[in-house]
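Where a number appears in this text, it was derived from the coordinates with a stated rule and is not lab data. Note that this is a predicted model, so its numbers are computed, not measured. All Cβ positions, glycine included, derive from the backbone under ideal geometry; neighbour counts span all protein chains shown.
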Amino acid sequence: MNWPLAVAALGTLSLLVRRRWPEVPAVAGLIVLALTSDDALLRFGVYAVGRYRRLRYAAWFAVAVVFVRLFIVVFIVDKHSNAAIWELMLLTFRYSLMSVLGPASAGAVVRAFRVGELLSAFRARLDREDALAKAEAAAEQRAEQGRRRIARDAHDHVGHEVTLMVLQANLLSAHAPDERTRTAAEDLVERGQRAIQELHSIVATLKEPEVRPSSPSDVRRIERLVEEVRRSGAPVRLDQQDFEDRLLPPAVAEFCFRVAQEGLTNAVKHAPCADVLVTVAADDTSAAVAVRNGAPVLAPGAHAQGGGNGLEGLAELADRLGGELTWRTTPDGGFEVRARVPRKTPG
C-alpha cells in the first residue's frame, strides 16, 4: 500500500470543513508535510485561514505555521541533509515565508474583496430602501394633500349648496300654500340637514383617514331609510329576517346600510314607480342585504343619465370585509343588488 498517498488523500478530506474550521486543513497540511514531504495541502490550509478568518488572527496563525514548518522541514524532513544546520534553517525559513505567507496573503486579499463587495451591496440596499421610504413618504404626502383638497372643496362648495337648499326649503315651509306642500318642504329640510351631517362626517374622515367612523348612535337605520323612500312616493317594502343592526359590528352595519341606500337610490332613479323589495337578514356567521326592483313603470328622467361608481366601490368594500357584492338584471326587466359579509370582518 502506498501509505504516503493514503495520508495525503485523508488530509485532503479536511478541505471539506475549510469554511467553518480553516485551521483543520492547515494542521492536516503540517501532518502531511511531516509524513510525505509535500506541502500542497498546507498551502490550501493557510489560504483558507486567510480567506475565512480576520486579518489579525490570520497573520499570527501564518507566522506560527512558518516556524512550525521550519521545525518540521529541518528536524524531520531534511534531518539527513549534509548541509550545515544554519544554512538549512535559513533556506527553509525563506521558502516557508513564500509558501505560507503567500497563500495566506492571497486569502486575505480575496476576503477583503468579498467583504468590500458585500458592504457595497449592503450600502446599495440601504440606498434603495431609503429611496423607497422617501418615495412612499412623498406619495403619502400627495395623498394627504389630495384628501384635504377634496375635503375642503366638498365642505366649501357642496356644503354651501346644500345649506342654501335647506334655507330655501325652510322658507317654502313657512309660506306653503297648503299642508301637502308644507309637509314636503319639512321633509326636504330634514333630508338636507342629514345630508349636511353626513357631509361633515365624510370631511372629517378625509382629513383624518386613520380615524375610523364609529358605530352610528342610532339603530334601525335601514327601516327609517325605507320609510323615507316610501314617504316620497316609491312603493317600497322591507323584509327583515333576524336583522338588528345594533347587534352587528359597526363596519358590517354601516356596509349593510350603504348597500340598501345605494340600491334604493338606483331603483328610484332608474325605475320610477316600480315595486322595490329590500331584504335584510342575519345569522350567527353573516349578514345579507338585497334590493330588488321591478321593471320601470315610467321612463327614467334626465337625472338618471350617466352614473357613478357606487356599486363598484361597495364591491371593493365588501371584498375588504371578506364578503361579496353582486348585481344583475332580473328576467322581468328589473334590477337586483345582493351583498353578504361575515359578521367577523378581517383585521
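Quick check: net charge around residue 42, other residues with Cβ under 14 Å of its Cβ, Lys/Arg +1 and Asp/Glu -1? The partial results should precede the final answer.
Numbers: positive: 18, 43, 69; negative: 23, 38, 39.
For residues surrounding residue 42, the net value is 0.
Sort 180-190, 126-136, 39-49, 255-265 by packing, meaning the average of other beta carbons within 10 Å per residue, with the highest value first. Please list the in-between numbers first.
Values: 180-190: 15.1, 126-136: 10.0, 39-49: 23.9, 255-265: 21.6.
The most tightly packed comes first, giving 39-49, 255-265, 180-190, 126-136.
Pop a pseudo-label 7 angstrom from the Cα along the beta-carbon direction at both residue 247 and residue 137 and give the gap in nm to one decimal.
It works out to 5.0 nm between the two label points.
Work out from phi, with θ = phi - 60° and the Karplus expression 6.51 cos²θ - 1.76 cosθ + 1.60, the ³J(HN,Hα) of each residue of the stretch 58-71, listed in order in whole Hz, and give x for Gly and Pro.
3J(HN,Hα) across the stretch 58-71, in whole Hz: 4, 5, 5, 5, 5, 4, 4, 5, 4, 6, 5, 5, 4, 5.
Tell me the net charge near residue 136. Cut-off is 13 Å between Cβ atoms, residue 136 excluded, with +1 for each Lys or Arg and -1 for each Asp or Glu. Write down the numbers at each step before the final one.
Values: positive: 128, 134, 142; negative: 129, 130, 140, 144.
Net of charged neighbours comes to -1.
Using 0.36 nm per residue, how much length does the chain from residue 117 to residue 40 gain when fully extended, once their Cα-Cα distance is taken away?
Numbers: separation 77, 0.36 × 77 = 27.72 nm, distance 2.92 nm.
Computed gain between residue 117 and residue 40 is 24.8 nm.
Run the paramagnetic zone check for residue 237: 7 angstrom along Cα to Cβ, then residues of the stretch 260-278 with backbone nitrogen under 12 Å.
Answer for the stretch 260-278: 275-278.
What FRET efficiency comes out for the pair residue 224/residue 281, r = Cβ-Cβ distance, R0 = 30 Å, nearest 0.05?
On the way: r = 18 Å, r/R0 = 0.62.
Once rounded, the FRET efficiency stands at 0.95.
Work through the residues other than residue 121 whose Cβ is under 14 Å from its Cβ and net out their charges, Lys, Arg +1 and Asp, Glu -1. Don't skip to the end; give the middle numbers.
Values: positive: 114, 123, 125, 128; negative: 117, 127, 129.
Here the count lands on +1.
Which FRET efficiency value, to the nearest 0.05, is calculated for residue 12 and residue 127 with the Förster distance at 35 angstrom and r the Cβ-Cβ distance? Before the final figure, lay out each step's value.
On the way: r = 44 Å, r/R0 = 1.25.
Working from the Cβ atoms, E equals 0.20.
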